[in-house]
Amino acid sequence: MYHSLYDAFGPEHWWPGDTPFEVAVGAILTQNTNWGNVEKAINNLKKQKALNAVALQKMPDKKLALLIKPAGYYNIKTKRLKNFLNFFVNHFKGDMNRMKKEITLCLREKLLGVNGIGPETADSILLYALEKPIFVIDAYTKRILARHKLVSKKADYHEMQELFHNNLPKNTKLYNEYHALFVKLGKDYCKTKPRCEECPMQSLLNSKERI
């Protein structure tokens with residue numbers, strides 16, 4: 001599957017962001033919205049020269065909510081972002097390098113303890129911002145895996161994640177690219193109403209049927 005998608009799409013260069021901190025902020029803002037809206041919110045923060053932990057932590061909630069408004073659910077996301085910032089500053093002095101030195105599973109548990117950060121957001125921060133080898137599961141991934149009968153429709157996050165962890169080498173670059181390719185496939189082909197005939201996975205499916 002990976003090679004079929006990579007041959008069709010090439011490298012996705014995901015996750016876009018100038019710094020690990022920007023990637024972490026983006027992971028929180030992208031909940032329940034598309035990336036185009038998140039980019040607008042991040043650009044607003046950049047214009048204010050506020051895309052750093054100290055500035056965002058000190059910023060009044062109303063001002064922060066206004067700046068991230070394009071990302072939607074801005075009052076909720078302001079609280080979630082502030083919760084993360086308090087955790088980040090209190091535990092790691094606002095330093096992503098300090099955070100990166102933490103043992104992956106220990107850090108994951110700490111992130112999941114921050115109000116408003118669930119498994120997908122935590123793992124996105126770990127993989128994309130901190131370059132930890134942990135696979136991110138999102139709605140696109142679940143849909144694709146279920147349609148290809150690799151997991152049941154009732155499979156939970158952990159079960160789907162273990163499919164990758166148990167069958168692939170623990171490689172950050174591989175996990176990064178694989179998840180990004182799933183997102184591309186889900187957005188362009190494996191939609192709610194799938195475009196199966198045009199899907200780059202079709203040749204792989206046909207070869208399986210011949211076998």
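The values are calculated or read from the model by the stated rules, or taken from the named source; none is laboratory data. Source: prediction; values computed, not measured. So basically every Cβ, Gly included, is an ideal-geometry build from the backbone, and we count neighbours across all protein chains shown.
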Condition broken by N37, with the remaining ones in (1) at pLDDT below 95; (2) under 30 Å from E198 (Cα atoms); (3) surrounded by fewer than 20 Cβ atoms within 10 Å (Cβ to Cβ) satisfied: (1)
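Results for (1) over 30 Å from P200 (Cα atoms); (2) acidic (D, E); (3) touching a strand residue (DSSP E or B) at 6+ places or on another chain (Cβ under 8 Å); (4) surrounded by 15 or more Cβ atoms within 10 Å (Cβ to Cβ), shown as yes or no for each residue.
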{"site": "P11", "(1), (2), (3), (4)": "no, no, no, no"}
{"site": "V23", "(1), (2), (3), (4)": "no, no, no, yes"}
{"site": "K46", "(1), (2), (3), (4)": "yes, no, no, no"}
{"site": "N75", "(1), (2), (3), (4)": "yes, no, no, no"}
Helices (runs of 4 or more DSSP H) within segment 1-90 that include 1 or more residues aliphatic (A, V, I, L, M), touching an Asp or Glu at 6+ places or on another chain (Cβ under 7 Å) and more than 19 Å from Y178 (Cα to Cα): 35-47
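Matching residues to (1) in a helix (DSSP H, G or I); (2) assigned by TED's automatic domain parsing to the domain that holds V151; (3) more than 26 Å from N167 (Cα to Cα); (4) under 12 Å from the mean Cα position of the chain (by Cα):
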site: R108; (1), (2), (3), (4): yes, no, no, no
site: V114; (1), (2), (3), (4): no, no, yes, no
site: A122; (1), (2), (3), (4): yes, no, no, yes
site: I125; (1), (2), (3), (4): yes, no, no, yes
Among the candidates S152, S124, residue that is buried (at least 16 other Cβ atoms within 10 Å of the Cβ) and of a type in the set (S, T, N, Q): S124
Segment 136-192, subset in a helix (DSSP H, G or I) and acidic (D, E), residue farthest from T104 (Cα to Cα): D188
Where E102 falls short, out of the listed (1) charged (D, E, K, R); (2) in a helix (DSSP H, G or I); (3) more than 19 Å from N37 (Cα to Cα): (2)
Of all residues making up segment 85-115, the number that are farther than 15 Å from L130 by Cα and surrounded by 18 or more Cβ atoms within 10 Å (Cβ to Cβ): 2
